[in-house]
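J.: The structure's right below; bear with me while I get my questions together.
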Amino acid sequence: MSSASSVNGDGKETALFEQRLSKIGEVRAALGQLSGKTALYCSDASIARYLVARNWDVKKATKMLKKTLKWRSEYRPDEIRWDEIANEAATGKIYRTDYFDKSGRSILVMRPGVQNTKKAKGQIRYLVYCMENAILNLPPDQSQMVWLIDFAGFSLSNISLHVTKLTADVLQGHYPERLGVAILYNAPKIFESFWKMASPILEPKTFNKVKFVYPDRPETNKIMEDLFNMEELESAFGGKNQVTFNINDYAARMREDDNKMPLLWSPENSTLASEPYVMTKDTAQEGSSDLKSEETTSEKREETDSESENKEETESESERGETEAVSRKREETEAISGKSEETEAASEKREETVTDSEKGKENLSCAVEPGEGKGITPADRNGCSSSDP
């Protein structure tokens with residue numbers, strides 16, 4: 001590959017390009033012999049994305065990529081199919097548009113205001129499906145996507161910090177440099193408190209890709225005009241396109257894409273594996289000392305998050321165990337209590353029967369021996385009431 005074809009620069013940029021190709025080779029050597037989908041995934045461009053995410057630190061990038069390869073082998077994101085996650089998509093909370101931004105990037109629209117499920121596992125699996133689908137539909141000269149987040153109808157009950165953290169983990173850990181920009185469109189005031197809690201979860205590079213846009217602020221609307229063709233952009237984001245989400249039409253599109261996915265990941269597909277690293281003017285500026293310090297912070301956060309996750313999992317398992325034990329104990333207690341109550345009820349019934357029998361005898365005594373009752377008040381009659389004969 002010629003460095004001159006990748007970046008129009010001087011000898012310094014050419015040297016930097018060659019140095020980065022060398023680092024890509026180091027990561028590849030550290031990974032060892034690859035085969036199947038793993039080999040397809042680890043193209044020069046893919047390895048470069050992990051190096052960029054870790055500021056071209058070979059050791060850190062290799063560690064990060066190995067985690068993704070393990071995750072992909074277990075989670076199998078490329079094998080998720082529409083019918084498996086269709087219920088998550090019913091309201092259009094996440095969908096890929098049929099148009100691209102001016103740079104040719106895939107666009108994922110997200111509408112947290114129409115969240116329709118509660119389980120984090122299903123929500124993340126649908127997000128992964130959407131990420132894989134967006135990548136599948138990228139043009140050959142593009143590797144990133146755009147997130148358009150619409151806050152219409154939003155309330156804090158629509159999102160959780162836990163799901164947000166899982167989303168950040170998936171995006172930053174397994175899809176590095178896939179997000180080009182995230183537009184948070186017309187976020188309400190109530191979102192500010194959540195953003196203060198959620199923003200520290202994001203790595204600096206991801207945080208810097210988040211843009212807040214408000215329809216009543218011309219300076220932020222310019223962001224939309226610079227990024228999108230306003231004729232294609234949906235009216236919900238200030239564009240002129242009046243299209244609305246239709247689940248039936250979208251399902252048909254996704255099923256067509258599902259048929260394309262195995263072809264992309266077939267061992268014979270040399271296009272995926274041979275995706276080259278291209279150094280653009282923007283990537284030529286990467287590697288500054290300030291980014292280095294940011295990456296160190298990100299790595300520390302990653303280690304802290306990992307420890308926290310392990311702790312949460314342990315605590316969660318412990319809590320579930322305790323809950324189950326308490327539940328079993330309660331059931332046993334209730335069972336014993338139930339038997340006890342039944343026994344007590346039977347005992348009380350017998351006592352009532354005995355008491356009624358005794359009362360009958362006493363009443364009979366009062367009735368057949370009236371003479372003994374003379375001068376005796378009702379209280380002194382030992383069970384004979386004033387109405388007794």
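J.: I'd like to compare 229-237, 117-125: which one has the highest average count of other Cβ atoms within 10 Å, and what's the full order after that?
T.: 229-237, 117-125
J.: Quick one: which residues, 5 or more positions from Val243 or on another chain, have an amide H under 5 Å from its amide H? H modelled 1.01 Å from N in the peptide plane, none for Pro or chain starts.
T.: So Val243 has HN proximity to Ser235.
J.: Residue separation times 0.36 nm, minus the C-alpha to C-alpha distance between Lys70 and Asp226: what's the value?
T.: The span from Lys70 to Asp226 would gain 52.3 nm if fully extended.
J.: Right, next: In whole angstrom, note down how far apart the Cα centers of region 15-63 and region 105-162 are.
T.: 27 Å
J.: Residues of region 103-121 with amide nitrogen under 15 Å from the 7 Å Cα-to-Cβ point of Phe194?
T.: 110-120
J.: Now a separate question. So how do 159-165, 27-33 stack up, highest first, on mean other-Cβ count within 10 Å?
T.: Top of the packing list down: 159-165, 27-33.
J.: List, in the order given, every pair from Lys165/Lys205; Lys165/Lys222; Lys23/Lys66; Lys196/Lys222; Lys37/Lys70 whose Cα-Cα distance in the structure shown is over 18 Å.
T.: Distance filter (> 18 Å) returns Lys165/Lys222; Lys196/Lys222.
J.: What is the gain in length, in nm to one decimal, between Asn269 and Ser157 on full extension, counting 0.36 nm per residue of separation less the C-alpha to C-alpha distance?
T.: 35.9 nm
J.: Then there is this: Would you mind calculating the gained length between Asn246 and Ala30 on full extension (0.36 nm times residue separation, minus the Cα-Cα distance), in nm to one decimal?
T.: Difference between extended and current length: 73.1 nm.
Read the figures in this text as sums done on the coordinates, not as results from a lab. As the structure is a prediction and not an experimental result, all values here were calculated from the model. In this analysis, Cβ positions are derived from the backbone assuming ideal geometry, glycine residues included, and neighbour counts consider all displayed protein chains.
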